[in-house]
Amino acid sequence: MLVNKILPEKNDFQLAEDAVKLLERQLAVWELLKTNYDKLAGIINKEIRYEDYKFIVQYNPGRIKSTTADVSDSGIQNRKCFLCKENLPEQQSGIMYNKKFNLLCNPYPVVGKHFTIVKLKHMPQQIVGNIEDLLDLTRQMSKYFTLFYNGPKCGASAPDHMHFQAIEKKKMPLEDDFKKLINDSRNFKIDKSRISIVAAETYPSKPIIVESEYKGEILKAFRIILNGLKKIYEPKKEPMINIVSTYEVNKWSLFIFPRREHRPKEFYTGELLVSPAALDMSGLIIVPRKEDFDKIDRDKLIDIYKQVSFTKEYYEFLKKKLFDNFIRY
Ligand SMILES: [Zn+2]
């Protein structure tokens, strides 16, 4: 039985308002969502400083399912896809976007208001073919929200069904800290009239930051970066990346995090349940166990980033690719 209700599409920028209203309506009728939002009040945060940057470690027991999600092929095959429309809980409704996506309340919120934007069609998580939608959605949602994408092998708990997520703006420390990275002369920078790209090596998770007012420029740069990364990873698979996407004052800022590992070695020994994805790479580190929350200090945090983000050697290679391409741009 199809019980999921999808509302008709609305005009530009209305999506952010509609999302807020959807959450209000859903909280009134969906017990699990209400319970999990109530639990957000009990979350504990602690702040860690590294150089000039802020990191927030968040103890959030509600995220245990996501942190420890079995994303192996057999794990995926043995469960019903929880993002497919026919498997959504009876109480869940959504907002249709562009006849392609369904915006849903995430029943396991990380912080503030949290949405999952799910492709209507069941198809694997991949950024190629969906990046333009990410930019459009970012703009449409920009009044209140920041969007993100987790690659199928580095953070997506549904690698079999294409989706983005959105949380309230400025919840990730990097959204404030990135301006310092852009102005840090130690970071490699390409500055053209219509686009700028910064390889932000001085930040522990080493994002590539692409900024432009022109969607076409961002798409072109993204292609170049992705192709550069493909030379490092297996060329036929999507390189391991997380993406955070914001839109402010008519400009997109795209943070691309090239990844080396899905999880640090301590995850597999059970020593530390932390499974870094887009939010963690952007300075909001989620841990579902109190013991891990207590354990993480500055050195531990930097070591986790070191394990899961790019090596110096890979980064040099990527910078060279960027330089070679953009010099002829
Ligand atoms: Zn599905």
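Which number in (1) closer than 30 Å to residue 233 by Cα; (2) assigned to a strand (DSSP E or B) marks the one condition that residue 158 misses?
(2)
If the requirement is being of a type outside the set (D, E, K, R) and farther than 20 Å from residue 326 by Cβ, which of these qualifies: 254, 272, 219?
So the residue among 254, 272, 219 that is of a type outside the set (D, E, K, R) and farther than 20 Å from residue 326 by Cβ is 272.
For the range 178-225, enumerate the residues that are assigned to a loop (DSSP other than H, G, I, E, B) and free of Cβ contacts under 8 Å to residues at least 60 places away in the same chain.
183, 184, 185, 186, 187, 193, 194, 195, 200, 213, 214
Of the residues in the range 56-89, how many are more than 25 Å from residue 296 (Cα to Cα) and not β-branched (Val, Ile, Thr)?
Qualifying residue count, the range 56-89: 17.
If residue 268 satisfies every condition in (1) touching a residue at least 24 places away in the same chain (Cβ under 8 Å); (2) in a helix (DSSP H, G or I) but one, which is the exception?
Checking residue 268 against (1) touching a residue at least 24 places away in the same chain (Cβ under 8 Å); (2) in a helix (DSSP H, G or I), the one that fails is (1).
Six or more apart or on different chains, Cβ under 6 Å: which pairs go from a residue in the range 107-124 that's of a type in the set (D, E, K, R) to one that's away from the ligand (no atom under 12 Å from the Cβ) and not in a loop (DSSP other than H, G, I, E, B)? Could you list them?
Qualifying pairs under 6 Å: 113/23; 113/168; 119/101.
Within the range 75-92, can you find the residues that are in a loop (DSSP other than H, G, I, E, B), within 14 Å of the ligand (Cβ to nearest atom) and out of contact with any strand residue (DSSP E or B) (no Cβ under 8 Å at 6 or more places or on another chain)?
Selection gives 79, 80, 81, 82, 84.
Looking at the range 126-144, is at least one residue touching a His at 6+ places or on another chain (Cβ under 6 Å), crowded, with 21+ Cβ neighbours inside 10 Å and within 30 Å of residue 260 (Cβ to Cβ)?
Scanning the range 126-144 turns up no residue that is touching a His at 6+ places or on another chain (Cβ under 6 Å), crowded, with 21+ Cβ neighbours inside 10 Å and within 30 Å of residue 260 (Cβ to Cβ).
Among the candidates 117, 95, which residue alone is away from the ligand (no atom under 16 Å from the Cβ), in a strand (DSSP E or B) and under 15 Å from residue 165 (Cβ atoms)?
Exactly one of 117, 95 is away from the ligand (no atom under 16 Å from the Cβ), in a strand (DSSP E or B) and under 15 Å from residue 165 (Cβ atoms), namely 95.
So which of 72, 66 is away from the ligand (no atom under 15 Å from the Cβ), closer than 19 Å to residue 148 by Cα and small (Gly, Ala, Ser)?
Among 72, 66, only 66 is away from the ligand (no atom under 15 Å from the Cβ), closer than 19 Å to residue 148 by Cα and small (Gly, Ala, Ser).
Values in this text are rule-based calculations from the coordinates and carry no lab data. Owing to the predicted nature of the structure, the values given are computational and were not obtained by experimental measurement. Methodologically, a virtual Cβ is constructed for each residue, glycine included, from the backbone with ideal geometry; neighbour enumeration extends over all protein chains shown.
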